[in-house]
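Each reported figure results from applying straightforward, stated rules to the coordinates on display, with no laboratory input. Since the structure is predicted, the reported quantities are computational estimates derived from the model, not experimental observations. Neighbour counts are summed over all protein chains in view; Cβ atoms, including those assigned to glycine, are modelled from backbone coordinates with ideal geometry.
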Amino acid sequence: MGGTLPGRIRNALSMLGPLADTPGCSIGLHTAHLYNSVFRFDSEMIVTPYLFRARGYQHTAMHLRRLSPHGIFESFADQFEQIWGTVTPYPTTQGFHNGLTA
């Protein structure tokens, strides 16, 4: 991987990695090419779609809630579940420095 992606992944893991020790919270790594970030919380999620030529902090964050078995939440939830089925579990932070291997 080139560009800024490896650094962004390391940054996300350093900030979110400690959550791997929280009961009921799971973090996984995948190889799918995505054009959004999805943070799933049961029947709610935060989706940040990719916006052409925008930096990460400039992307819109959408707060979605499951209100019915159809609609945009279900579309993102289906995508999330398909990708989640391919992840490599991220280990607990015990033995890690800032969420990353030493």
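List of remarks:
- Nearest-20 debye value, the chain charge dipole, Cβ charges on Lys, Arg, Asp, Glu: 420
- Shown in residue order for region 38-54 are the 3J(HN,Hα) couplings computed by the Karplus curve 6.51 cos²θ - 1.76 cosθ + 1.60 at θ = phi - 60°: 10, 10, 9, 9, 6, 9, 9, 7, 10, 10, 10, x, 6, 10, 3, 6, 9 Hz (x for Gly and Pro).
- Per residue, the convex hull around the alpha carbon atoms of region 1-51 comes to 99 Å³.
- Degrees, to the nearest 10: 5-16 long Cα axis against longest axis of the chain: 90
- A quarter of the convex hull surface defined by the alpha-carbon atoms of region 31-86 gives 4.3 nm² as the mean projection.
- Computed helical MRE - 222 nm, the chain, DSSP H runs ≥ 4 contributing -39500 (n - 2.57), nearest 500: -7500 deg cm²/dmol
- Restricting region 1-92 to chymotrypsin sites (Phe, Trp or Tyr not before Pro) in coil, as DSSP defines it, with at most 13 other Cβ within 10 Å: Y35, Y50, F52
- Three-way shape call for the chain based on the alpha-carbon gyration tensor, with the a/c threshold at 1.5: oblate
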